[in-house]
Amino acid sequence: MLTIGYIGNGKSTNRYHLPFVLQRENIKVKTIYQRNPKRESWDRIAGVNYTSDLDELLNDKDIQLIVVCTRTDSHFEYAKSVLEHNKHCLVEKPFMETSDQAKEIFAIAREKGLIVQAYQNRRFDSDFLTVQKVIAEGKLGDLLEVEMHYDYYRPEVPESVHSFDPASSFLYGHGCHTLDQVISYFGKPDHIHYDVRQLLGQGRMNDYFDLDLYYGGLKVSVKSSYFRLKERPSFVVYGKKGCFVKETKDRQEEHLKLFYMPDNKDFGIDTIKHYGLLTYMDEEGTIHEETVKSVNGDYGRVYDDLYEAIINGKEKTITDEQTLLQMEILETGVKNLK
């Protein structure tokens, strides 16, 4: 049994973590720390201890792993404190505000023989897993270009922000999803072209980014905007012999926002209207079109991997090197914005 606790009792903990953890019989949630119980807005979970005393959580000998689900600007101090109390640590993304902070946290963990990592749950998005399946089947031929889009039409978000803060930029907040997917599958790029903008002008929120990552002859583009009234496809993959288009994103977040939880058999699962379209030419020059059934996603697989690492001593799936590379890309992307 892996016994865990949480720092933070808001949307992150209750929407993106607990619904998956509570499904797992080999993980026990013992304690949730909330700084201000008067602002509690989520139903309490039976059998879980709620506290406003952080030391009670940190000093509990039963708890092996503490999950930090707070604002990014508090991640460093909380993660450092967790490690100093000799507990493993999972940190919501963006992992830290800077790569220097990330390096320090990883160094403390190594010195103490502990595991610390970012909650990169989007590695287990259905659309991303489906793209990997299509690439592996080889019908596309040699890859030429991959386009990844993460679009919204939410102008009220950037319009309500009147100062620039790197840690609350669109690149940090959403690039941490897609960039991790790229790094986890393709590795470290040869070079990167950055186009990171403040569409409302200097001194405002970063609300657009378009990053091109180059791997030899392959270009992977990661694009996002708050001003897309009509979303672009989630993924478009081009090879020498064909292309694959996945219009819709993974549906886990959609269902969680509706309080439709993972204990439902069809939670997060694509129906046929969400399936992607594969178009390719075979060796005889015949063009084929195939609807590709989506691979099921599961954010909880982050916890499965952590369980294996902490209890059974297996290697981490989400590595320090991958997280540091992502932090460096995020920092570089916003460094010239003011």
Mind putting together the pair-distance distribution for the stretch 138-199? All Cα pairs, 10 Å bins, whole percent per bin, short to long. 14, 44, 27, 12, 3
Rounded tilt (10° steps) of 176-186 against the dominant C-alpha axis of the chain: 60 degrees
Counted neighbours (other Cβ, 10 Å), sorted fewest up, put ASP55, ASP43, ASP165, ASP305 in the order ASP43, ASP55, ASP165, ASP305
Angle in degrees between helix 320-334 and the longest Cα principal axis of the chain, rounded to the nearest 10: 70 degrees
Working only with C-alpha atoms, what are the Rg and Dmax values of the stretch 181-338, expressed in angstrom? 19.1, 57
For THR271 and LYS133, what does the FRET efficiency come to when R0 = 22 Å and r is the distance between their Cβ atoms, rounded to the nearest 0.05? 0.80
Would you mind ranking LEU144, LEU213 by Cβ crowding within 10 Å, fewest neighbours first? LEU144, LEU213
Pairs from LYS249/LYS293; LYS11/LYS246; LYS93/LYS249; LYS80/LYS316; LYS223/LYS265 whose Cα-Cα separation, in the structure shown, is over 24 Å: LYS11/LYS246; LYS223/LYS265
Listed residues SER184, SER221, SER41, most fluctuating in the chain (Gaussian network, C-alpha, under 10 Å): SER41
Would you mind checking the radius of gyration and Dmax of the stretch 29-130 based on alpha-carbon positions, in Å? 14.8, 43
Under a 10 Å cutoff between Cα atoms, tell me which one of TYR16, TYR185, TYR172 has the largest fluctuation in the Gaussian network model of the chain. TYR185
With +1 on the Cβ of every Lys and Arg and -1 on the Cβ of every Asp and Glu, the dipole magnitude of the chain about its Cα centre, in debye rounded to the nearest 20, is 600 debye
Would you kindly work out the equivalent ellipsoid of the chain from its C-alpha gyration tensor and give its semi-axes, the square roots of five times the eigenvalues, largest first in whole Å? 34, 24, 20
Mind grabbing the base-10 log of I(q)/I(0) for the stretch 114-233 at q = 0.12, 0.17, 0.18, 0.22 Å⁻¹? Debye formula, identical points on the C-alpha positions, no solvent, two decimal places. -0.50, -0.93, -1.02, -1.32
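How much of the DSSP bridge set in the chain is antiparallel, in percent, rounded to the nearest 5?
Counting only bridges with both partners in the chain, antiparallel ones make up about 55 percent.
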Quick note on GLU254, GLU308, ordering by fewest other C-beta atoms within 10 Å, gives GLU254, GLU308
On C-alpha positions alone, give me the angle between the axis of helix 72-84 and the longest principal axis of the chain, in degrees, nearest 10. 50 degrees
For the stretch 192-338, what is the charge dipole size about the Cα centre, in debye to the nearest 20, if Lys and Arg each add +1 at the Cβ and Asp and Glu each add -1 at the Cβ? 700 debye
Which listed residue (LEU229, THR248, THR279) has the Cα farthest towards the positive end of the charge dipole for the stretch 222-286, taking +1 on Lys and Arg C-beta and -1 on Asp and Glu C-beta about the Cα centre? LEU229
What whole-number value in cubic angstrom gives the convex hull volume per residue for the C-alpha atoms of the stretch 212-302? 164 Å³
Positive minus negative residues near ASP73 (Lys, Arg vs Asp, Glu; Cβ under 13 Å): -3
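Read the figures in this text as sums done on the coordinates, not as results from a lab. All figures in this text were calculated on a predicted structure; none of them were measured in a lab. So basically every Cβ, Gly included, is an ideal-geometry build from the backbone, and we count neighbours across all protein chains shown.
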